[in-house]
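Participant: Take a look at this one; I'll ask things after.
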Amino acid sequence: DPGMFGGKSAAMFVNLSKTSPAAQSIKRAFGIDLDLTAISYSDKHDNLFELKVNNNKQDNVLAYLVDLVLKISEI
């Protein structure tokens, strides 16, 4: 198995919207309230990696991700 990005190209969708089972489990276990979705795409032939994050918590995605990393580091 060459892994997720082992082939020429790959795509992934992550659903951590507020009502998703994964986000609800993380909230119960760690107290972190998530509400985001992410799409990533990779194409090794063109040396491309793209990540798009949609969040419903803050207008600034980077600020949201930094805040999230800080919360996780406190666990």
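Participant: Being modelled with pLDDT of 75 or more, assigned to a loop (DSSP other than H, G, I, E, B) and either of a type in the set (D, E, K, R) or touching a Pro at 6+ places or on another chain (Cβ under 7 Å) (or both) is the requirement here; does K52 meet it? First the steps, then the outcome.
Facilitator: On the way: modelled with pLDDT of 75 or more: yes; assigned to a loop (DSSP other than H, G, I, E, B): no; either of a type in the set (D, E, K, R) or touching a Pro at 6+ places or on another chain (Cβ under 7 Å) (or both): yes.
The answer is no for K52.
Participant: Condition test on I32, is it closer than 18 Å to V69 by Cα and either in a loop (DSSP other than H, G, I, E, B) or free of Cβ contacts under 8 Å to residues at least 60 places away in the same chain (or both)?
Facilitator: Yes.
Participant: Just give me the residues in the range 17-50 being exposed (fewer than 11 other Cβ atoms within 10 Å of the Cβ) and aliphatic (A, V, I, L, M), in sequence order.
Facilitator: The answer is A29, L48.
Participant: Continuing with this model, one more query. Would the range 5-14 turn up any residue that is under 13 Å from the mean Cα position of the chain (by Cα), at pLDDT 85 or above and surrounded by 13 or more Cβ atoms within 10 Å (Cβ to Cβ)?
Facilitator: Looking through the range 5-14, at least one residue is under 13 Å from the mean Cα position of the chain (by Cα), at pLDDT 85 or above and surrounded by 13 or more Cβ atoms within 10 Å (Cβ to Cβ).
Participant: Still on this structure, please answer the following. Within the range 19-75, track down each residue that is of a type in the set (S, T, Y) and farther than 30 Å from K8 by Cα.
Facilitator: T19, S20, S25, Y64, S73
The values are calculated or read from the model by the stated rules, or taken from the named source; none is laboratory data. Computed from a prediction, not measured in an experiment: that's the story for all the values here. So basically every Cβ, Gly included, is an ideal-geometry build from the backbone, and we count neighbours across all protein chains shown.
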